[in-house]
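Trainee: One structure follows; several queries about it will come next.
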Amino acid sequence: VQGPHRARLASGAVPIYRNSVLAVMAAVVRDEGVAALFKGLVPALIKAGPTSAVMFLVYGQTRDLILYLSDKGSEDRRSDHDGGVSQ
């Protein structure tokens, strides 16, 4: 939890589990229900979605630019080797 609500939530009664992951999941389901396993999933996805979209956009554009520049460079090198005559 981030932001101004962090102190308020941190001061509440938070159960401490010291067992295995499966034991903790069983205790959470028993005490709070199955939906408690997915608390915070929607905000996390909303936060991660735009970040992932921008990352893929930048990756694709950068890859296309690098391929374009490398093809252009290889054409320049070919023209230097064959006396300026392109094939």
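Trainee: V28 to L57: FRET efficiency via 1/(1 + (r/R0)^6), r the Cβ-Cβ distance, R0 35 Å, to the nearest 0.05?
Mentor: 0.40
Trainee: Under a plain spin-label model, where a point goes 7 Å from the Cα along Cα-to-Cβ, how far apart in nm are V21 and L41?
Mentor: The two pseudo-label positions are separated by 1.6 nm.
None of the figures in this text is laboratory data; all of them are computed from the coordinates on show. Source: prediction; values computed, not measured. Using ideal geometry, Cβ is built from the backbone for each residue, glycine included, and neighbour counts are taken over all protein chains shown.
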